[in-house]
Amino acid sequence: MSALEYCLLMVLMTLATFLTRSFFFLLGGAVKMPEWLQHALRYAPAAALAAILAPDLLASGGTLLAPWTNIKLMAAIVAVLFFLITRHMLGTLVVGMICFTALRLLLV
């Protein structure tokens, strides 16, 4: 591809990204989403986070790990329990990382 084609590609990709991400802002209040769709979209961030975290917590190298040998999963469970008890986000990160490091040093 030539330099001109690369520039054209970047401009078109920028335009496509801008239009798809700002679609509802550009329309303003002209289009109203149905209540059921607004309710369903409330769960989108949690679903996206689960989709990102689940493969890393449950598998290694494309193979599913047994829960009792998976130190990432054990540390995540401890961190979730800590958060449910305290509701302290920074403490959850610290406890999860301490637990992961301790398990990694003890078991591996």
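Once backbone amide H atoms are built at 1.01 Å from N, Ser60 has Leu65 as its partners under 5 Å, excluding neighbours fewer than 5 places away on the same chain. Taking other Cβ atoms within 10 Å as a rough exposure proxy, Val95, Val11 sort from fewest to most as Val11, Val95.
Using C-alpha pairs below 8 Å separated by at least 6 residues, the relative contact order for the chain is 15 percent.
Ordering Thr17, Thr92 by the number of other Cβ atoms within 10 Å of each residue's own Cβ, fewest first, gives Thr17, Thr92.
Please state the shape class of the chain: rounded when a/c is under 1.5, otherwise prolate if a/b exceeds b/c and oblate if not, all from the C-alpha gyration tensor. Oblate is the answer for the chain, as a/c is 1.5 or above yet b/c matches or exceeds a/b. Using the rule -39500 (n - 2.57) for each DSSP H run of four or more residues, divided by the residues of the chain, the 222 nm mean residue ellipticity is -24000 deg cm²/dmol.
Residues of the chain were split at every exposed loop site, defined as trypsin sites (Lys or Arg not before Pro) in a DSSP loop with at most 14 other C-beta atoms within 10 angstrom, and the longest piece left, sites excluded, is 43-86.
Charging the Cβ of each Asp and Glu at -1 and of each Lys and Arg at +1, and nothing else, the dipole of the chain about its Cα centre rounds to 260 debye.
Sorted fewest first by neighbouring Cβ atoms within 10 angstrom, Phe83, Phe23 come out as Phe23, Phe83.
Comparing Ser2, Leu90, Ala51 along the charge dipole axis of the chain, the residue lying farthest to the positive side is Leu90, per the Cβ-charge model.
Throughout, read-outs are computed from the coordinates displayed, never taken from laboratory work. Not measured: the values here are computed from a predicted model. Glycine also receives a Cβ, built like all others from the backbone with ideal geometry; neighbour counts cover every protein chain displayed.
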